[in-house]
Structures are given as structure tokens and as C-alpha cells.
Amino acid sequence: MENTDKEFVDFVMADGDYKTKLTHKYNQRTKWHKPVEGEVLAHLPGTIIEIRVKEGDPVKKGQLLLIHQAMKMYNRIVAPIDGTVIAVDVKAGDNVSKDYLMIKIKPV
Amino acid sequence: MVDLSEKIKELRVKKAAVELGGGQAAIDKQKAIGKMTARERILSLLDKDSFQEYDLFVKHDGRDFGMDKKDFAGDGVVAGTGTIQGKPICIYAQDFTVAGGSLGLHHARKITKVMDLALKMKCPVIGINDSGGARIQEGVGALGGYGEIFYRNTLSSGVIPQLSLILGPCAGGAVYSPALTDFVFVVDQISKMFITGPNVIKTVLGEDISMEDLGGARVHAEITGNAHFFAMSEKDCFDQVRRLLDFIPWNNTEHAKIGTSKEPSTELDIEQVIPSDPKQPYDVRDIIKCLADDSDFLEVQGMWAANIVIGFGRMGGETIGFIANQPMVLAGVLDCDSADKVARFIRFCDAFNIPLVTLEDMPGYLPGIDQEHAGVIRHGAKVLYAYSEATVPKITVILRKAYGGGYIAMNSRHLGADFVFAWPTAEIAVMGPEGAANIIFSKEIKTAEDPNAMRQEKVKEYIEKFANPYVAAGKGFVDAIIEPKNTRAELLHALKISALKEEHRPAKKHGLPPF
């Protein structure tokens with residue numbers, strides 16, 4: 001009973017191909033990206049309240065970079081590593097979306 | 001002298017006024033979008049003339065924001081008791097025509113009164129949700145009301161079946177009562193469920209989405225898995241409720257009613273359902289139809305995580321919880337969603353004395369970064385927990401593939417299955433032949449003159465040796481290798497032997513399933 005339905009596609013498992021249907025959710029899954037060291041992303045959509053560093057500043061791990069307001073809270077965004085600020089892509093008052101690249105730090 | 005007829009007249013006038021709910025204009029608005037009124041819903045769901053309403057004259061005691069001058073008919077909810085199939089039911093329906101069905105403390109107390117009654121009378125409770133949410137003017141009183149409902153949902157969990165019908169908006173805190181109940185019913189275009197609505201999402205995230213796309217019936221039936229039954233109209237939905245109640249017992253000390261034991265339809269040939277090529281798909285529901293009385297199967301959560309099939313049927317008249325991997329969708333793998341789906345179903349069946357029949361054909365867990373990062377380990381662990389914990393009769397039939405972790409998870413002997421049968425087509429092994437051959441014979445394959453030919457040879461060797469039911473049967477992990485056409489007879493026999501089953505677990509306050 002060979003199934004020739006167009007909906008069935010090849011689906012690779014550890015031991016080879018299967019003919020099967022895929023789900024909407026499976027097709028919609030997001031691709032994973034390896035996080036880049038020194039990139040400071042917005043963890044939530046929000047507003048930039050103030051910025052404490054500028055390009056070229058040396059920073060220490062844990063040092064305050066900016067205040068990001070999200071979910072009724074002033075969040076202190078700190079340097080994830082020791083290094084030098086090489087880009088500041090936000091200014092006070094900006095609205096940022098989730099995962100927006102706010103600041104880039106070059107590791108020492 | 002009291003004039004009784006005058007008093008009766010007065011009562012009737014008062015009742016009629018409250019029973020009109022939010023008035024004709026609001027009722028017309030409700031009807032225009034395909035919705036019935038709260039009372040109509042209750043009357044269409046229950047046995048004819050069986051509804052007795054309580055707390056018709058309950059009033060709210062809000063005093064702020066001019067609320068002291070406002071009266072809400074029945075405080076926005078209709079509550080009472082009735083019967084379905086002649087058996088007791090506690091029921092409430094929020095009335096959207098009255099202050100948008102908003103929930104205040106006394107509205108909530110009407111609900112908790114029938115919930116308390118249901119727990120005492122050991123009968124199912126049905127909640128019909130159609131509400132704009134908390135009555136903001138009542139402030140924290142409304143929040144308290146929700147909490148009192150959630151608490152009772154939890155106490156009743158596993159004692160009486162709890163059904164939630166979402167027949168309108170159900171937003172914010174209100175969504176958690178349905179989420180705590182056993183079965184959630186939604187109706188296309190009518191049901192809307194979300195924690196934060198489109199307006200909040202727009203404000204906070206700047207993203208535009210309609211209520212339907214955010215939390216409509218299809219979203220919950222297909223994507224979130226919050227809904228168990230999807231209907232095209234309210235009438236369909238009530239038919240589904242009655243059909244479900246036909247399969248399940250009234251409380252955890254009872255068994256479901258015994259149906260007529262009709263043989264399955266002969267339209268399908270159980271030997272012809274599974275294709276001869278083990279990589280070709282088929283619809284495992286066809287196998288269930290070959291096994292269940294009258295080929296009657298009520299699928300639960302059919303649109304969500306369709307790579308596993310769950311639902312109710314009968315065998316020999318007795319209600320059975322069927323669980324089956326579905327090779328037609330995602331090859332029948334276990335993943336986060338399908339693990340959640342099956343684990344909760346097993347726990348429902350175990351709580352309500354419904355034997356489990358598991359039909360196994362699965363190539364393993366879904367590979368993927370998204371799956372690993374979504375926590376397929378803790379989700380998958382729920383399946384192991386639920387099967388191991390269950391003490392109802394548990395029977396497995398291995399139809400085809402039973403590989404690796406999937407073999408253990410799908411009610412294996414090792415997790416306490418009472419009976420494990422396998423078809424001669426079963427492949428029970430630690431992993432698929434190709435993967436296994438690559439590991440076991442990696443040296444031979446690498447050093448061969450023609451590695452590909454060698455791989456093919458070794459895969460073939462592995463298939464012949466291990467991709468069968470005889471190795472597992474040789475260890476007693478499989479009780480009997482059965483011919484497909486005898487499956488129903490073997491299951492009926494096993495169920496008969498299990499009829500008086502008693503099995504106990506170590507005494508504990510409660511276990512700690514990997515939620």
C-alpha cells in the first residue's frame with residue numbers, strides 16, 4: 001500500500017528517511033543562532049531610559065551600560081564581559097524590539 | 001392575610017426580570033454573532049426540563065465608582081444543577097449580556113457554590129465561560145473570586161470530571177480556571193482565550209494581532225494545545241460534551257458506564273492498514289477503528305501534536321483510553337508537545353479508572369536544537385512518569401517500530417505494563433538499524449574497500465538479527481507475539497484478566513512529576 005499523497009514528504013530521522021506529514025508548528029520553528037560574545041541584545045521589547053557608556057569606553061564585566069525599561073521595570077543592563085565598547089546603537093528614548101542589538105563590546 | 005397568589009405573581013415578575021439578563025438589546029447583539037444566551041446554553045446542554053437554578057437574586061456589594069447604584073441580573077452568571085443522561089451535573093454559565101459577564105466576588109461565589117456542590121455530590125461540573133474578565137470596579141475582590149475558583153478546580157482535580165466550554169472571551173486571570181480543568185471545548189470564531197490581549201501586546205511590543213489570530217479557537221486547538229475539542233457551532237460543541245460524558249465516569253470511585261459491545265466494522269482490514277515498506281506512513285486511527293467496539297473512537301486534541309493520537313473508545317463495552325503513535329505526522333516521533341499531550345491523558349485515565357491500550361509505532365524522539373532547547377528531556381520525562389505512576393490496566397501492542405527511548409516510554413514492560421504484545425512486524429531494538437550499524441560496525445565500514453557496500457551489508461545484518469520482536473520476546477519483555485487479526489481478541493482477553501486488577505504505590509503526600 002504505497003502512499004503517493006502529495007502531503008507526505010521525506011523526513012530524515014537518525015536511521016534514514018520516513019514519508020510523513022509535517023505540522024504547521026514544526027515548519028514554523030525558529031532557527032537557532034549561536035550567541036556572539038560581547039553583543040548586548042534587548043531581552044524584552046522596551047524603552048531606553050539612559051546610556052552610561054560611549055564608543056571607545058573600556059568596560060568591566062558587570063559594569064552598568066544602560067537602563068532599559070520593560071514591563072514597568074527599570075532594568076540595569078550590564079557588560080557581559082571585560083572589553084571595549086565598539087558600537088552603541090541606541091539613544092535615550094529609543095523603543096527597541098526584542099533581540100535588538102543595543103551595544104557591542106570587543107573582548108579584551 | 002397574605003394573598004398567596006399575589007406573592008406568587010410577584011415572584012414570577014421578579015424572576016422574569018432577572019432572567020432577561022442584560023436586556024433584549026444585549027441579547028440581540030449576542031445572537032447576531034452566533035452565540036446563545038447563558039440560559040439557552042444550559043438548557044440545550046442538559047436533559048430537557050432538568051435545570052434548577054440557584055442564586056438568581058444574588059447581588060453584588062460593590063460600593064465604589066457608582067456601583068452601589070447599579071444592579072446586575074444574577075450578577076452576570078447563571079448557576080445550578082441538572083442532569084445529562086439522567087445523571088447529576090453541576091453547571092454555571094457566565095452571561096455576557098450582563099456587564100459583559102464580568103466577574104466580581106458574588107459572581108465568583110455563585111460559581112464556587114456549584115463547584116462545592118459538585119465535589120460533594122461527586123458529579124461532573126461544567127463551566128461555560130463568556131466574560132470580559134475581572135469586574136475592575138470591584139478591584140481585588142474580583143481577583144479573590146478567581147482565586148477561590150482556581151482553588152476548587154485544584155481540589156476537584158482527579159475526583160470529578162471538570163469541563164470548560166469557552167463560548168466567548170475568556171481573558172486574563174479567567175483563562176486559568178479552564179486550564180486547570182480536564183477538558184476545554186472551543187467553538188470556531190466564538191472562543192477567544194489569552195492572558196494579555198491584542199491591546200496590551202500593541203502597547204508593550206508594538207505588534208499588531210487580531211484576537212482570532214492571538215487566541216481564537218483554532219489557535220488553541222492546533223498550536224497551544226489548551227483546547228481538547230474544537231467545534232464549528234455551539235450546538236456541535238454541546239453534542240461533543242454529551243459524547244465525551246458518555247465515555248467517562250461521573251467520579252473517581254466509579255467506572256464509566258458499560259456500552260453495548262458491538263464488533264468493529266469490517267470495512268477496514270487490520271492486516272492491510274500498515275504498508276509493507278516500514279518507511280511508509282499510514283493512519284493509526286484506522287488500527288484503532290479495527291479494535292474498538294463499533295469502530296467508534298472519540299479523538300481528544302486531534303488537531304494538536306497530531307504525531308500522537310489519544311482518545312476514548314470501548315472494548316467489550318468498557319471505556320478504554322487509546323494512545324497511539326501516528327506515523328502519518330512527523331513519522332510518529334515523541335516531542336515536547338506530544339509528550340505533554342499523552343502524559344496528561346494517561347493521568348486522566350488513571351484518575352478515572354479507564355484502562356489504557358497503547359499502540360506503538362515510533363522511530364524515536366524528534367531530533368532538533370529547538371526541541372532540545374525547549375526541554376524535550378523534561379517534557380519526555382512526563383510520559384515515563386505518567387505510565388509508571390498509572391495503576392489502571394495497561395496494555396501495549398507494538399505494531400512496528402519500537403526504538404530506543406521511545407520503546408521504553410511507550411508503556412513498556414519495564415514501566416509496569418501489565419501485558420505487552422507485538423505483531424510479527426515489530427522492530428524492537430536499541431536504535432534504528434542504520435544508526436546502530438554505523439556505531440557497532442564503524443571500524444569494518446571505515447576500513448572496507450567499499451564502505452557504502454559494507455554499510456549496506458551490516459545494516460541488513462542488523463535488521464535480520466535485531467529489527468524483529470524475537471529478541472525482546474526472548475527476554476520476556478514481550479508476553480506474546482500475536483497475529484494482527486487476533487489483536488482485538490487478545491486485548492479483550494487481557495482486559496478480562498485485568499478486570500479486578502489492584503496495584504498500589506508507595507504512600508506519599510504526592511509525587512513530583514516533571515511538570
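A few comments on the model shown:
- Residue satisfying all of: in region B:335-364; within 30 Å of B:S156 (Cβ to Cβ) and within 12 Å of chain A (Cβ to nearest Cβ); surrounded by the fewest Cβ atoms within 10 Å (Cβ to Cβ) among these: B:C336
- Residue check for B:G380: modelled with pLDDT under 95, in the same structural domain as B:Q280 (by TED's automatic domain parsing) and over 28 Å from B:P249 (Cα atoms): no
Per-residue answers, yes or no, for (1) more than 16 Å from the chain's Cα centre (by Cα); (2) among the acidic types (D, E):
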site: B:W304; (1), (2): no, no
site: B:I308; (1), (2): no, no
site: B:M315; (1), (2): yes, no
site: B:E318; (1), (2): yes, yes
site: B:G332; (1), (2): yes, no
site: B:D350; (1), (2): no, yes
site: B:Y365; (1), (2): yes, no
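- Residue list for region B:100-142, filter: of a type in the set (D, E), within 29 Å of B:G86 (Cβ to Cβ) and either out of contact with any Phe, Trp or Tyr (no Cβ under 7 Å at 6 or more places or on another chain) or assigned to a helix (DSSP H, G or I) (or both): B:D116
- Within the span defined as region B:156-167, every residue fails to be part of a helix (DSSP H, G or I) and within 30 Å of A:Y26 (Cβ to Cβ).
- Strands (runs of 3 or more DSSP E) contained entirely in region B:389-490, each with at least 3 residues that are out of contact with any Phe, Trp or Tyr (no Cβ under 6 Å at 6 or more places or on another chain): B:394-403, B:419-422
- All positions within region B:442-477 that are among the β-branched types (V, I, T) and either without any contact (Cβ under 8 Å) to a residue 12 or more places away in the chain or farther than 14 Å from B:A429 by Cβ (or both): B:I445, B:T447
- For A:W32, the conditions (1) surrounded by 12 or more Cβ atoms within 10 Å (Cβ to Cβ); (2) assigned to a loop (DSSP other than H, G, I, E, B); (3) at the interface with chain B (Cβ under 7 Å from one of its Cβ atoms) all hold with the exception of (1).
- For region B:10-21, the count of residues that are of a type in the set (D, E, K, R) and either in contact with a Pro (Cβ under 7 Å, 6 or more places away or on another chain) or surrounded by fewer than 12 Cβ atoms within 10 Å (Cβ to Cβ) (or both) is nonzero.
- Which numbered condition B:G404 fails, given (1) at positive phi; (2) free of Cβ contacts under 8 Å to residues at least 40 places away in the same chain: (2)
- Looking across region A:3-17, the residues that are outside any loop (DSSP other than H, G, I, E, B) and either more than 9 Å from chain B (Cβ to nearest Cβ) or at pLDDT 80 or above (or both) come down to A:V9, A:D10, A:F11, A:V12, A:D17.
- When region B:68-84 is filtered for residues that are in contact with a helix residue (DSSP H, G or I) (Cβ under 9 Å, 6 or more places away or on another chain) and over 14 Å from B:L103 (Cβ atoms), the ones remaining, listed by number, are B:K70, B:A73, B:G80, B:T81, B:G82, B:I84.
- Subset of region B:191-236 that is in a loop (DSSP other than H, G, I, E, B), touching a residue at least 12 places away in the same chain (Cβ under 8 Å) and over 20 Å from B:V300 (Cα atoms) - its residue that is farthest from the other protein chains (Cβ to nearest Cβ): B:S210
The values are calculated or read from the model by the stated rules, or taken from the named source; none is laboratory data. Because the structure is a prediction, the values reported are computed rather than measured. Methodologically, a virtual Cβ is constructed for each residue, glycine included, from the backbone with ideal geometry; neighbour enumeration extends over all protein chains shown.
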